[in-house]
Amino acid sequence: MTELLYDAKHQVIIITPSEHPTDEDFALWATLFLHAPAIQTADFDAGADRHRVRFHFTDHSFNLNFEHYSESIWINAEGVEAAALLADLYQYLVMQLQ
C-alpha cells in the first residue's frame with residue numbers, strides 16, 4: 001500500500017509506495033498515481049537520475065519527483081500560492097488512495 005507523509009516544514013509530500021517503480025516504469029506509475037478527477041498532468045521530464053511529472057491541482061502547478069538512486073518520490077509545489085495548497089493536495093491524495 002502506498003503511504004503519504006506531509007512534511008510542512010520542508011513543504012513536500014513524501015510518497016512511499018509498497019513497491020518502488022523502476023526507472024523505466026516511473027512514467028506509467030506516475031500516470032496511475034495521479035489519475036484523479038481534480039488532477040491534470042502537464043508534462044514529463046526524464047533525466048539521468050531524476051524524473052519529474054508536472055501536474056495541476058486547483059489551477060496551481062506541482063511536481064511529482066522521482067530520484068532513481070535513492071528511490072525517493074515526493075511532491076513539491078511551484079510557487080507560494082501552490083505551496084499554500086500542499087496540505088489540501090495531501091488530503092485529496094489520501095482520500096483517493098482509500
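Things to note:
- Test result for Asp45, outside any helix (DSSP H, G or I), over 21 Å from Leu97 (Cβ atoms) and open to solvent by 60 Å² or more (accessible area, probe 1.4 Å): yes
- Within region 2-17, restricting attention to residues that are touching a residue at least 24 places away in the same chain (Cβ under 8 Å) and assigned to a loop (DSSP other than H, G, I, E, B), the residue that is least open to solvent (accessible area, probe 1.4 Å) is Pro17.
- Only one of the listed residues (Pro37, Pro21) is open to solvent by 60 Å² or more (accessible area, probe 1.4 Å) and assigned to a loop (DSSP other than H, G, I, E, B). That residue is Pro37.
- When restricted to residues that are loosely packed, with under 13 Cβ neighbours inside 10 Å and at pLDDT 95 or above, region 59-98 contains 7.
- Count of residues meeting criterion [outside any strand (DSSP E or B) and within 12 Å of Ile13 (Cβ to Cβ)] in region 48-79: 0
- Checking each residue in region 29-67 for being within 22 Å of Glu81 (Cα to Cα), under 12 Å from the mean Cα position of the chain (by Cα) and of a type in the set (Gly, Ala, Ser) picks out only Ser61.
- Meets criteria (under 13 Å from the mean Cα position of the chain (by Cα), at pLDDT below 95 and not aliphatic (A, V, I, L, M)) for Phe26: yes
The values are calculated or read from the model by the stated rules, or taken from the named source; none is laboratory data. Remember, it's a predicted structure, so these values are computed and weren't measured experimentally. Neighbour counts run over all protein chains shown; Cβ positions are idealised from the backbone, glycine included. To get the accessible areas, we keep the full protein, side chains included, count just its heavy atoms, and leave off ligands, DNA and RNA. Shrake-Rupley method; radii C 1.70, N 1.55, O 1.52, S 1.80 Å.
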